1. Can you quote the Å³ per residue value for the convex hull of the Cα atoms in region 219-273, rounded to an integer?
2. Mind listing which trypsin sites (Lys or Arg not before Pro) in region 112-157 are in a DSSP loop and have 15 or fewer other Cβ atoms within 10 Å?
3. Out of region 182-231, which trypsin sites (Lys or Arg not before Pro) are coil in DSSP terms and have no more than 12 other C-beta atoms within 10 Å?
4. Using 26 Å as the Cα-Cα cut-off, could you pick out the over-long pairs in Lys161/Lys275; Lys132/Lys186; Lys294/Lys341; Lys275/Lys313?
5. Binning at 10 angstrom from zero up to the longest distance, how are the C-alpha pair distances of region 253-319 distributed in percent?
6. Taking N as the number of residues in region 192-324, what is its Cα Rg relative to 2.2 N^0.38 Å?
7. With r as the distance between the Cβ atoms of Gln192 and Glu254 and R0 = 35 Å, compute the FRET efficiency 1/(1 + (r/R0)^6) and round to 0.05.
8. Viscosity 1.002 mPa s, temperature 20 °C: Stokes-Einstein D of region 37-122 from its Kirkwood Cα radius, in µm² per second?
Amino acid sequence: MKNMKNEEKKEIEQVKEPDKTEITGKECGKQAFEVDRRSVYKCVQCGTCRSVCPVFDVVGWESANTRGRMLIIKSLIEGRSPSEDVLSSLASCTTCGICASKCPAGANPPEVVEAARTQLVKCGITTGAQDKLKSGVLTHGNSFGETKSRKHWLSKSELSKLPEKSDYVYFVGCFDSYRYPEFARKTFGVLQRFGVTLLPDEQCCASPLLRTGFREDAEKVMERNLEQIRKVGAHTIITSCAGCYTTLKNNYPEELRVISLPEFLAEHLEQLNLKKLDLVVTYHDPCHLGRHNKVYDAPRKVIQAISTLKEMKNIKENARCCGGGGGVRIGYPDISLELAKNRLQDVPEGVDYIVTSCPLCVRNLRDAGGDIEVIDIVELVAMAME
Ligand code: SF4
Ligand code: SF4
């Protein structure tokens, strides 16, 4: 656990002792379980996905691989009552999407899993970890249940100078606000020169709610962010979190132009005037930035403007998941860490840093230990601006 701060170590200990998975609520009746049948029946159970599902790779049970999850969902829509096994099978999918990219039948298992989770939530069937996530977001506006101000990382004078109107909003996200405020400070420092502002009362983007099935609650949270975005008058939202990015881009109304920090940086490389550093780095593609949204080139363009890029073993469409997404980090921390350790096996020899562009990937890969420091792309950019 080299390079790990005390705060990070403390959080791993907390995460290692999650609430027990408890099934609560009434049974889902046959009529109640509504998942688009066409998507479910697309799966012809060929098993191609078994060789790529990172959770199956660690757990080894049929119920923990894509095909098993699809079979379970099929049985639910055909009338089976959910059990604890059903919940743990569905809740342990990281929604990494590698199965969808390999499926010869064109099935989209993470989409089906999310729809099934929504149905379980509708029936009142949730895990303690999911309930905790939901309560943090609904009560405090963030997935950690933190009570301090989301903008605690800004000074009073910086706060007072935030423009009320702007074409650009920097959407910070829960992770950078509360776990990596230094990333938020650096990102804001870079973006300020382009006249960016922050939302007056940013809330969680709602990704943790959507991924774990709390769709109705997510809609209320999204509306609160949307009202503020409209008030600020922004036409572009910039975010440095892959989870926020995919949610803002794909779950919010289409009127928004959402751009990831690497894309924004790649578009403005000339204005940034970055120094070339004597560093060799590798890049981990976050699933929700890469596979889900095909943002592969922009981070590489930024990295190559600063340093030498040495690729990992599995990249882009084939990148292995860090294990942090889909609520798995909080619900199944041991599985999550094993996935991160597996991903570290893909790191090539002779690199100074593992760079990524998602704070959740930073956290999970750091937690897995390893000898190479994991940094966010904004830290590399900040080094090249010093
Ligand atoms: S999800 Fe696709 S790859 Fe997996 S078993 Fe079903 S058809 Fe095959
Ligand atoms: S999205 Fe990832 S974790 Fe979930 S079933 Fe597919 S391969 Fe497995």
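Readers should treat all values here as calculations from the given coordinates under stated rules, not as data from a laboratory. Predicted, not measured: the structure shown is a model, and the values here were computed from it. FYI the Cβ positions are ideal-geometry reconstructions off the backbone, even for glycines, and counts take in every protein chain you see.
1. Numbers: hull volume 4.6 nm³, N = 55.
Residue-normalised Cα hull volume stands at 84 Å³.
2. Numbers: sites: Arg117, Lys122, Lys132, Lys134, Lys148, Arg150, Lys151, Lys156; in loops: Lys148, Arg150, Lys151.
Counting only loop positions with at most 15 other Cβ atoms within 10 Å, the trypsin sites (Lys or Arg not before Pro) in region 112-157 are Lys148.
3. Values: sites: Arg185, Lys186, Arg193, Arg211, Arg215, Lys220, Arg224, Arg230, Lys231; in loops: Arg193.
Taking region 182-231 and a limit of 12 other Cβ atoms within 10 Å, the loop trypsin sites (Lys or Arg not before Pro) found are Arg193.
4. Numbers: Lys161/Lys275 29 Å; Lys132/Lys186 30 Å; Lys294/Lys341 24 Å; Lys275/Lys313 28 Å.
Pairs exceeding 26 Å: Lys161/Lys275; Lys132/Lys186; Lys275/Lys313.
5. 20, 46, 28, 6, 0
6. On the way: Rg = 16.4 Å, N = 133, 2.2 N^0.38 = 14.1 Å.
Normalised Rg, Cα atoms only: 1.16.
7. Numbers: r = 28 Å, r/R0 = 0.80.
For Glu254 and Gln192, the calculated efficiency is 0.80.
8. Numbers: Rh = 12.5 Å.
Here the translational diffusion coefficient equals 171 µm²/s.
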